[in-house]
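For reference, the structure is listed below as C-alpha cells.
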Amino acid sequence: MPLPESDCFQEGLATSINLPKDADYCAIAEKFVELANQFLEDVRQNTRVSRITGKASLLNVGC
C-alpha cells in the first residue's frame, strides 16, 4: 500500500508527534508546522549573532 494510504504509517506519524492515533493528515501537518515554528523561535531567542569585522569572503570558507 502506498504511504499516504497506509493506516500504520499515519498512526505512527501521529503518535511520534504526540497526537492521537486517529489524527488525520491535516492535523499532523499543522503539528509539524507548529513544531517548526517553535524550533525557529528557539533559534532566534538563543542564538547570538556576531558582527563581522574586517573583510569577509565566502571563497576562503571550505574544506
Here the qualifying pairs (Cβ atoms under 6 Å; residues six or more apart or on different chains; first in the stretch 1-19 and within 14 Å of ALA29 (Cβ to Cβ); second open to solvent by 70 Å² or more (accessible area, probe 1.4 Å) and assigned to a loop (DSSP other than H, G, I, E, B)) come out as ALA14/LYS21
Could we say that ASP42 is at pLDDT 90 or above, out of contact with any Phe, Trp or Tyr (no Cβ under 6 Å at 6 or more places or on another chain), in a helix (DSSP H, G or I) and surrounded by 10 or more Cβ atoms within 10 Å (Cβ to Cβ) here?
-> yes
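The values are calculated or read from the model by the stated rules, or taken from the named source; none is laboratory data. Remember, it's a predicted structure, so these values are computed and weren't measured experimentally. Cβ coordinates were reconstructed from backbone atoms using ideal geometry, including for glycine residues, and neighbour counts include every protein chain displayed. With ligands, DNA and RNA removed, areas are computed over all heavy atoms of the protein, side chains included. Shrake-Rupley method; radii C 1.70, N 1.55, O 1.52, S 1.80 Å.
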